[in-house]
Ligand SMILES: NC(=O)c1ccc[n+]([C@@H]2O[C@H](COP(=O)([O-])OP(=O)(O)OC[C@H]3O[C@@H](n4cnc5c(N)ncnc54)[C@H](OP(=O)(O)O)[C@@H]3O)[C@@H](O)[C@H]2O)c1
């Protein structure tokens, strides 16, 4: 049985005209990897957007799952990320090619610098970001990456990059869930034409037992996870929940057949407490 009809996932435009699907499936080195679940998401749930990173260590397996699904590469949106151990001009270009070959793909739809900090002693973060970004700009111009972006970048990181480079990042992927709403950063990204993508939309599960979320879920006869994913989507935020379980993936995809009311959105918007469940780039210069 295919669940694609309710999925019919909308996409939003990047500044270069490409359309990124609002809903994607996350993968991670935390909590394992399930080949079966990925194939199920692609073949039975209509998922067409997958988020991964070299850091997660599953590029090869994910490439195998994509091949097994039989979905044409051109129908998929694949995001990958460059780990900061591979920052620097030459290393970044090599890492991207290596990641393509690990996954058995010829290009990435989106390629992100994973983290704003340099891991090379003696080189400032700003210099390293600029040098690495130049490599990404070339990968973009060569067509190996259809769009390029950053992850965990704050306003000051983006402002410096703007001064140092020519291509404005197409996307900034940042932690985003009801407990973590970086509204100032979101507003900055919107003004600069950078699409804001949110990761850990379920706060790694922490938000699923919140009483406000439970109450809204009950009202709509939906699950807490569906409420949080729907909230991201209604805020225009690209969202990439991760699960290794078929049943949960199916559940997480069923977020296009209902609408949260203004009062629900406001109640969820009021849950921000500033906590990070992943990592916090605040102190990265
Ligand atoms: N750029 C970055 O620095 C960065 C950082 C973190 C994450 N990410 C990306 O964002 C994706 C999602 O983030 P995340 O994995 O940190 O957090 P998340 O999606 O908020 O939560 C994932 C956790 O929730 C559980 N879960 C999923 N669906 C559920 C459901 N319907 N009901 C109950 N529990 C459910 C999962 O367990 P099971 O797997 O057991 O179902 C897992 O433990 C990652 O996979 C990755 O692609 C990016």
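The values are calculated or read from the model by the stated rules, or taken from the named source; none is laboratory data. Here the structure is a predicted model, which is why all the values come from computation and not from measurement. Counting neighbours? That spans all protein chains shown, and the Cβs are built from the backbone with ideal geometry, glycine included.
For segment 60-67, indicate whether the set of residues that are in contact with a strand residue (DSSP E or B) (Cβ under 9 Å, 6 or more places away or on another chain) and under 15 Å from residue 171 (Cβ atoms) is non-empty. No, segment 60-67 contains no residue that is in contact with a strand residue (DSSP E or B) (Cβ under 9 Å, 6 or more places away or on another chain) and under 15 Å from residue 171 (Cβ atoms). Residues in segment 193-209 that are surrounded by fewer than 19 Cβ atoms within 10 Å (Cβ to Cβ) and either in a strand (DSSP E or B) or touching a residue at least 12 places away in the same chain (Cβ under 8 Å) (or both): 193, 204, 206, 208, 209.
Restricting attention to segment 53-62, the residues being touching a residue at least 40 places away in the same chain (Cβ under 8 Å) and either within 10 Å of residue 99 (Cα to Cα) or over 18 Å from the mean Cα position of the chain (by Cα) (or both) number 4.
Being at negative phi, away from the ligand (no atom under 12 Å from the Cβ), in contact with a helix residue (DSSP H, G or I) (Cβ under 9 Å, 6 or more places away or on another chain) and assigned to a helix (DSSP H, G or I) is a property that residue 215 has. Can you tell me which residue is farthest from the ligand (Cβ to nearest atom) among those in segment 149-175 that are assigned to a strand (DSSP E or B) and either over 27 Å from residue 201 (Cα atoms) or in contact with a helix residue (DSSP H, G or I) (Cβ under 7 Å, 6 or more places away or on another chain) (or both)? Taking the candidates together, the pick is 172. Being in a helix (DSSP H, G or I) and closer than 24 Å to residue 95 by Cα is the filter here; which residues of segment 15-37 pass it? Correct list: 35 only. Look at (1) assigned to a loop (DSSP other than H, G, I, E, B); (2) over 28 Å from residue 129 (Cβ atoms); (3) in contact (Cβ under 8 Å) with a residue 40 or more places away in the chain and you find that residue 40 fails only one, number (1).
Screening segment 154-186 for residues that are surrounded by fewer than 18 Cβ atoms within 10 Å (Cβ to Cβ) and under 25 Å from residue 210 (Cβ atoms) and picking the one that is nearest to the chain's Cα centre (by Cα) gives 183. Considering (1) surrounded by 15 or more Cβ atoms within 10 Å (Cβ to Cβ); (2) in contact with a strand residue (DSSP E or B) (Cβ under 7 Å, 6 or more places away or on another chain); (3) modelled with pLDDT of 95 or more; (4) closer than 23 Å to residue 235 by Cα, the lone condition that residue 15 does not fulfil carries the number (2).
Highlighted here are the helices (runs of 4 or more DSSP H) found entirely within segment 222-285 that include at least 2 residues which are within 12 Å of the ligand (Cβ to nearest atom) and in contact with a helix residue (DSSP H, G or I) (Cβ under 8 Å, 6 or more places away or on another chain): 224-234, 246-253.
State whether one or more residues within segment 167-175 are closer than 22 Å to residue 260 by Cα and modelled with pLDDT of 95 or more.
Of all residues in segment 167-175, those closer than 22 Å to residue 260 by Cα come to 175.
Checking which are modelled with pLDDT of 95 or more leaves us with 175.
Yes.
Among the conditions (1) touching a helix residue (DSSP H, G or I) at 6+ places or on another chain (Cβ under 9 Å); (2) within 19 Å of residue 250 (Cα to Cα); (3) modelled with pLDDT of 95 or more, residue 24 misses just one, which is (1).
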